[in-house]
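Every read-out reported here was derived from the displayed coordinates using simple, explicitly stated rules and does not represent laboratory data. Just so you know, these numbers come straight off a predicted model, no measurement behind them. Methodologically, a virtual Cβ is constructed for each residue, glycine included, from the backbone with ideal geometry; neighbour enumeration extends over all protein chains shown.
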Amino acid sequence: MERQKISREEVAYVANLARLSFTEEEEGRFTSQLNDILLYMDQLNEIDTAGVEPLTHAIAQKNAFRDDAVGGAIPLEDALANAPESRGGFFLVPKVIE
Amino acid sequence: MELYELTIHELLDKLRTGETTSAAITASVFERIDAVEGDVHAYITLMRESALAEAAQADERIKKGEMGPLTGIPIALKDIYCTRGVPTTCGSRILLNFIPPYDATVVEKLRAAGAVFTGKTNMDEFAMGSSTETSAFGVTRNPWDLERIPGGSSGGSAAAVAADECIAAFGSDTGGSIRQPAALCGIVGLKPTYGRVSRYGLIAFASSLDQIGPFTKDVEDAAILMNVIAGYDPRESTSVPEEVPDYRTFLGKGIEGWTVGIPKEYFVEGIDPEVEAAIRRAIQVVEGMGARCVEVSLPHSRYCLAVYYIVAPAEASSNLARYDGVKYGFRAEECRDLLDMYKKSRSAGFGAEVKRRIMIGTYALSSGYYDAYYKKASQVRALIKGDFDEAFKRCDVLLTPTTPTPAFRIGEKMDDPIQMYLSDIFTISTNLAGVPGISVPCGYTRAGLPIGVQFMAGHFQEGRLIQCASAYEKQAKIEKRRPKL
């Protein structure tokens, strides 16, 4: 069986997708731990799942509709109360486009 | 007997007859908290002031004859439930300053039923863990042995009930996070069917698995709390509009003539001999009540852990994308631009286990790996659910150990994620299949650590679980001990 499931470079790539950054030391540790975990997952390949419909929710629910009625809403100032920064009724973030 | 030692139903009786007041009960619980919380550390936030005010209001209502199903009863909430105006951290530094602007549906229902909230309990960060050690706010200790973990992720709620720091508590269960700590702390823990209880306002971990449930001192209290929290919620589209029975009507009935399945895959290598012996005794008790115990097979059991550790992190990586330093209080300092702010805030705000799971989940969902991991896991999940469907054609309930071992030592498994994950090996399957499960105390090890037996039933059969668990509790007569604190 292949023992190297994930490389340091892949860990760095996935970290960027997940919007995380690691120190050198963390990157090394995560690579080895993720590798162990992915090796453990390999046992799923023992099972033939050809033609098995994937199950994503144990209780099958079709579209959940409700009446299109106006209900209560959280006031703007309450919704913004946890923002590290806000201005004029909006969440404020660092500049996106230079 | 101190008031804090009593159950919900015992206290309700005393409140009804005027023998005591909610103010007295609540004061008693906070005296207990003052005495033992320094050792146990079950809570992240105590709500003493509001609790005493709620107790006074409860006493007013009782005087007027307006008694609700939980009027005046002190209850603790895992710090994963949004509570309006009260800090809600989910055990994470990234939610350190988060104060929700609304109550979770379950919190609303408990409030309407008259509950008094004692505080918010400690938990593994974002409910990711089996020991409550991944909390950003310190370790909770098992009241039965302060050198050991209380289980997790709802370890604070379990420890609070076991240590009498509340009368009952609520947790959430994604892979065993109610039943496992209940077993390790010697109390009752119930995970209802997926969809039975609204999760509106429950901070999401893995949305296809998360479910809310109670921690109680006995099965009757679990039935009382299920009566309050169960039911459809138009704000939660995965809650199911299925009729809710009166769960108390299932108490005190026997299980004569029932078929109880014993899944052979749950008696495997690695199970602690004292745990196995206690479960074998539980099987004898069940047979002694006139039920027929039959061996059944859930052939895909050994794959549950692998499936879970793909599905849960995949969903978590998506759910936790919202913590980006914009909306929930925490933001890292000195950021160059938006991307830098995201990365710095998330890296500083999340702990190691959460990052590990976000990484696994992101990897499993990423281009080129989706079929090999997420799709494969979802297919095996279908087979796991199929195993349960087959078993419940023959059996009224299933009986298994709740955990493979009693409570382990603090620090013992922190450096080995897979060893830690294995402590949930008997509880994960029910979440994958969506079925309900309950853990009930079934004895102690020679060292005095509690052991739990788990019963599982088909979808929406919580009544059957309560019937079976209460019959077992009555028949087994497990010696009622209290931790020495």
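At-a-glance table
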| read-out | value |
| --- | --- |
| Qualifying GluC sites (Glu not before Pro) in the range B:131-209, DSSP loop, other Cβ atoms within 10 Å at most 13 | B:147 |
| Fraction of the pair-distance distribution of the range B:191-252 above 15 Å, Cα-Cα pairs, percent | 51 percent |
| Å³ per residue enclosed by the Cα convex hull of chain A | 264 Å³ |
| Residue B:452 long-range amide H proximity, modeled H, under 5 Å | B:402, B:403, B:442 |
| Rg [Å, one decimal], Dmax [Å, integer] - the range B:361-467, C-alpha atoms | 16.9, 52 |
| Unit charges on C-beta of K, R, D, E only; dipole of the range A:1-44, Debye | 100 debye |
| Inverse of mean 1/r across different Cα pairs in the range B:161-214, Kirkwood, Å | 11.6 Å |
| Length released on extending from residue B:34 to residue B:394, taking residue separation times 0.36 nm less the Cα-Cα span | 124.6 nm |
| Reciprocal mean inverse distance between Cα atoms of the range B:3-253 - Kirkwood radius, Å | 17.5 Å |
| Alpha carbon convex hull of the range A:1-44, projected area averaged over orientations, nm² | 3.2 nm² |
| The range B:200-300: GluC sites (Glu not before Pro) falling in loop per DSSP and having at most 16 other Cβ within 10 Å | B:242, B:243, B:256, B:269 |
| Calculated from backbone phi, Karplus (6.51, -1.76, 1.60) coupling profile of the range A:43-48 in Hz, x at Gly/Pro | 4, 5, 5, 5, 9, 7 |
| Antiparallel DSSP beta bridges within the range B:3-253, percent to nearest 5 | 65 percent |
| At 1.567 mPa s and 4 °C, Stokes D of the range B:1-123 from Kirkwood alpha-carbon radius, µm² per second | 87 µm²/s |
| For a label point 7 Å along the Cα-to-beta-carbon line of residue B:67, residues of the range B:107-136 with backbone N under 20 Å | B:110-117 |
| DSSP-assigned coil residues among GluC sites (Glu not before Pro) in the range B:1-70, each with at most 14 further Cβ atoms within 10 Å | B:2, B:19, B:66 |
| Two-decimal Rg/Rh across the protein assembly as shown, once Rg and the Kirkwood Rh are taken from alpha-carbon atoms | 0.96 |
| Simple label model, 7 Å out from Cα along Cβ direction - residue A:70 to residue B:348, nm | 4.2 nm |
| Residue B:116 long-range amide H proximity, modeled H, under 5 Å | B:72, B:73, B:75 |
| Of B:109/B:253; B:120/B:385; A:95/B:375; B:14/B:253; B:120/B:344, pairs whose Cα-Cα distance is over 31 Å | B:120/B:385; A:95/B:375 |
| Computed Rg/Rh of the range B:302-377, alpha carbon atoms with Kirkwood Rh | 1.07 |
| Largest-first ellipsoid semi-axes for chain B, taking √(5λ) over the Cα gyration tensor eigenvalues, angstrom | 31, 29, 21 |
| Contour minus Cα-Cα distance for residue A:39 and residue A:97 (0.36 nm per residue) | 16.7 nm |
| Rg/Rh (Cα only; Kirkwood hydrodynamic radius) as it applies to the range B:254-315 | 1.11 |
| Within-15-Å neighbourhood charge of residue B:342 [Cβ basis; K, R +1; D, E -1] | +4 |
